[in-house]
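Asks: This is the structure I have questions about; it appears just below.
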Amino acid sequence: MQAKYIKKIIYHLIVGCFAILLLYPVIWLIMSSFKQSEKIFATAESLIPQPFILSNYAQGWAGFGDYGFDTYILNTFIFVILVLIGHLISCSLIAFGFARLKFAGRSFWFAIMILTLMLPYEVVMIPQYIIFAQLDWLNSLKPLVVPAYFGHPFFIFLLVQFIRTIPRELDEAAIIDGCNTFGIYRRIILPLIVPALATTSIFTFYWTWDNLLGPVLYLNSPSKYTVSMALNMFLSNETVSNWGAMFAMSVVSLIPVFIIFFIFQRYVVDGISTSGLKG
Amino acid sequence: MQTHMKQNLWGYLFIGPFIIGFLAFTIIPIIASFYFSFTSYDLFNAPRWIGFENFKKMFTSDPRYLHSLKITFIYVFAGVPLRLLFALVVAMLLNTASRAVGLYRTLYYLPSLIGGSVAVAIMWRQIFGDDGIVNLALMTMGIDPVRWFGNPTAALWMLIFLSVWQFGSSMLIFLAGLKSIPQSYYEAASVDGASFFQKFFNITIPMLSPVILFNAVMQTIAAFMTFVPAYIISKGTGGPLDGTLLYSLYLFKQGFEFFHMGYASAMAWVMLVIIGILTSLIFFSSKYWVHYESEGGR
């Protein structure tokens, strides 16, 4: 009995301490954001801010130059929501087509879709840029948002897998009740794939929120910057010692990610464990 | 006939958006990129056909390219195995009936969750600074502090550590895989007197091998395309002394800083070929180490 307890304590000590060690940089970042800028590195060994100040947040929120951090947050939310709507509509329609409809060329297009999953963005990056430049879409959200309305292979695949688990008898019953194909999608499938749509939404949120390369390529005026871009700007404008404001806004940029994670944890964990979505 | 036509029509109505998007945002750019890779193109003047010049330049007269390729290989082949090893060890530690596992799983996953963000790259930059907490910890242990930004090798390892730190998503996949191994296998092995290591190499690894394969492929591809940490940590320069000039970053700089669009396109194609070869090598080797239950196994 005694030995079993000791074993248990040792296990929790090891696993717990390792977890703390792993997360220490994040804890340090958060605590440092409450320190005076000049003390962050002078007292790097201590987690306790002395004195504890909030002015970093006020300063960071006021931002650089003409725009406050609220502008960047708002821009990013608009970006995320537009992409999210695109993914939900397009991916569910496309996935329904692949999973439920029989048509000539289905396996061909499905294979193509799987192949695009593997295609590095770098290969299409430059021509896409040129196309969007020709369309006069530079310095707008359009190049970042419009493609989302044509599906995303990862989420299409995820939804196809999910739809395949729904019994076909439901579709057949609906046909007997007079539903057409769109009706089956709308009334039968859509309500049943809500969990998979939740996973899609969460990962769309993460990927869009964190996206840096896209905004770096397409957004030039600070009024349109996203949070990632703003942090990047903070870093490159890094005046001698304004660490505090930069740390504070880094923390702010992580808050939505944490909130979404803690609310929808189950979907995140299931999404990764079952389909290998990268977090 | 009538119903066939109707079925096809419905099918293409639903997957239509994918086909249109594929043509507009994938296939046309792919063809264009292939063409550009044989040209000299600066975005402002018409592309000029130069045959294989770009490819020749890469491998014969651009030492920076070869350097970038080399450090990317180091980054991938040091980072991915380390990351998978961590993921597997922690997944095995967490594969117990303890009630605290849910909490631990969340804690270990958090770095993966936020790892791709600019905020974390900024944080990483600061903790590895000359007076950052990593050096403080080294000094406490009696090790000389490292000037992470003064030495290209150290800077590259800083990126590798960042990648290893994010082992959480692979860990979740391994954990799901471990849970699906029937407990009876281990019980039978215990009855036969198998040691921990025998069980590990004869049950855990073979049963988990398809998941390891999947992880290895996905992580290798993703690692090869790493951009954000290198871009942020080096403030877009790839420095010090090109120590963090990963492939994607160099490609980005060639394209959008020097406006060598033709050269950058050629780089993208070489990247595609390399990723293709790496993926097929992993798949080819999988014949020898991946065990599929459905084939009957042993």
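What follows is calculated from the coordinates using simple rules that are stated; it is not laboratory data. Keep in mind that this is a model prediction, so the values were computed, not measured. Neighbour counts are summed over all protein chains in view; Cβ atoms, including those assigned to glycine, are modelled from backbone coordinates with ideal geometry.
Asks: How big is chain A in terms of Cα radius of gyration and Dmax, in angstroms?
Replies: 23.7, 75
Asks: Give me the dipole magnitude in Debye, nearest 20, for chain A about the Cα centre, with unit charges on the beta carbon: positive for Lys and Arg, negative for Asp and Glu.
Replies: So the magnitude is around 840 debye.
Asks: Please give every one of the lysines within straight-line cross-link reach of A:Lys4, meaning a C-alpha to C-alpha distance under 30 Å, and leave out same-chain neighbours fewer than 8 residues apart.
Replies: Here the lysines satisfying the reach criterion relative to A:Lys4 are B:Lys179, B:Lys199.
Asks: Can you tell me the orientation of helix A:265-275 relative to chain A, as the angle in degrees between its alpha-carbon axis and the longest Cα principal axis, to the nearest 10?
Replies: Tilt relative to chain A: about 60 degrees.
Asks: Which one, B:Val76, B:Met139, B:Leu156, is farthest towards the positive end of the dipole of the protein assembly as shown when Lys and Arg carry +1 and Asp and Glu -1 on their Cβ?
Replies: Comparing the listed Cα positions along the dipole, B:Val76 ranks first.
Asks: Could you put B:Tyr247, A:Tyr5 in order, starting from the residue whose Cβ has the fewest other Cβ atoms within 10 Å?
Replies: A:Tyr5, B:Tyr247
Asks: For A:Ile255 and B:Phe259, FRET efficiency with R0 = 41 Å and r from the beta-carbon atoms, rounded to 0.05?
Replies: 0.60
Asks: Under a crude label model (7 Å from the Cα following the beta-carbon direction), how far is A:Ala58 from B:Val191 in nanometres?
Replies: Result: 7.2 nm between the two label points.
Asks: Kindly express, to the nearest 10 degrees and within the range 0 to 90, the angle between helix A:153-164's C-alpha long axis and the longest C-alpha principal axis of chain A.
Replies: 50
Asks: Can you give the FRET efficiency to the nearest 0.05 for B:Ile282 and A:Tyr121, using r as the Cβ-Cβ distance and R₀ = 22 Å?
Replies: Once the sixth-power term is evaluated, E becomes 0.60.
Asks: For the stretch B:1-51, which chymotrypsin sites (Phe, Trp or Tyr not before Pro) are both in a DSSP coil and crowded by at most 14 other Cβ atoms within 10 Å?
Replies: Passing sites in the stretch B:1-51 are B:Phe44.
Asks: Which of B:Ala119, B:Ala154, B:Ala78 ends up with the largest GNM mean-square fluctuation for chain B, with Cα atoms connected below 10 Å?
Replies: Maximum fluctuation in the GNM of chain B, among the listed residues, is at B:Ala119.
Asks: Please report the equivalent ellipsoid semi-axes of the stretch B:136-288, computed as sqrt(5 x eigenvalue) of the Cα gyration tensor, largest first, in whole Å.
Replies: Listed largest to smallest, the semi-axes of the stretch B:136-288 are 39, 24, 11 Å.
Asks: I would also like to ask the following. Once Lys and Arg get +1 and Asp and Glu get -1 on their Cβ, which of A:Thr116, A:Ala62, A:Leu217 lies farthest toward the positive end of the dipole of the stretch A:62-275?
Replies: A:Thr116
Asks: What is the stretch B:1-149's relative contact order, in percent, from Cα pairs under 8 angstrom and six or more apart in sequence?
Replies: It comes to 7 percent, rounded to a whole number.
Asks: Now for a separate question. Suppose a student asked you for the relative contact order of the stretch A:2-56, using Cα pairs under 8 Å spaced at least 6 residues apart; what percent would you report?
Replies: Reported relative contact order: 31 percent.
Asks: Would you be so kind as to identify all helices of chain B, as entire DSSP H runs, whose Cα atoms reach 15 Å or more along the helix's own axis and whose mean Kyte-Doolittle hydropathy is at least -0.5?
Replies: B:2-21, B:63-94, B:101-114, B:152-165, B:168-179, B:205-224, B:261-289
Asks: Amide H to amide H under 5 Å from B:Thr39: which residues, 5+ apart in sequence or cross-chain, H placed 1.01 Å off N in plane?
Replies: B:Ile50
Asks: Could I ask something else about it? Would you mind classifying chain B by shape? Square roots of the alpha carbon gyration tensor eigenvalues, ordered a ≥ b ≥ c; an a/c under 1.5 is rounded, otherwise it is prolate if a/b is larger than b/c and oblate if not.
Replies: Oblate shape, in that a/c is at least 1.5 and b/c is the bigger or equal ratio.
Asks: Report, in listed order, any pair from B:Lys57/B:Lys253; A:Lys102/B:Lys6; A:Lys142/A:Lys224; A:Lys224/B:Lys253 with a Cα-Cα distance greater than 20 Å.
Replies: Result: A:Lys224/B:Lys253 exceed 20 Å.
Asks: Oh, and also: Quickly estimate the mean residue ellipticity at 222 nm for the protein assembly as shown, helices only: each DSSP H run with n ≥ 4 gives -39500 (n - 2.57), and the total goes over all residues, rounded to 500.
Replies: Rounded to the nearest 500, it is -22000 deg cm²/dmol.
Asks: OK, next. State the extension gain, in nm to one decimal, for the chain segment bounded by A:Glu38 and A:Ser236, taking 0.36 nm per residue of separation less the distance between their alpha-carbons.
Replies: 69.4 nm
Asks: Give me the one-decimal nm value for the distance between modelled label points at A:His12 and B:Asn95, 7 Å along each residue's Cα-to-Cβ direction.
Replies: 2.4
Asks: Once you order the gyration tensor axes a ≥ b ≥ c over the Cα atoms, which shape class does the protein assembly as shown get: rounded for a/c under 1.5, otherwise prolate or oblate by comparing a/b with b/c?
Replies: Rounded is the answer for the protein assembly as shown, as its axis ratio a/c remains below 1.5.
Asks: Sticking with this one: Read phi for every residue in the stretch A:224-233 and hand back ³J(HN,Hα) as whole Hz from Karplus 6.51 cos²θ - 1.76 cosθ + 1.60, θ = phi - 60°, with x for Gly and Pro.
Replies: 9, 4, 8, 4, 4, 5, 5, 5, 4, 5
Asks: For the stretch A:192-262 and the stretch B:1-44, what is the separation of their C-alpha centers, rounded to whole Å?
Replies: 31
Asks: Give the calculated FRET efficiency between B:Ser40 and B:Leu82 to the nearest 0.05, with a Förster radius of 41 Å applied to their Cβ-Cβ distance.
Replies: Here the calculated transfer efficiency is 0.55.
Asks: How many Å³ per residue does the convex hull of the Cα positions in the stretch B:76-203 occupy?
Replies: It comes to 148 Å³ per residue, whole-number rounded.
Asks: Continuing with the same structure: Once both axes come from the Cα atoms, what is the angle between helix A:194-210 and the longest principal axis of chain A, in degrees from 0 to 90, rounded to 10?
Replies: 40
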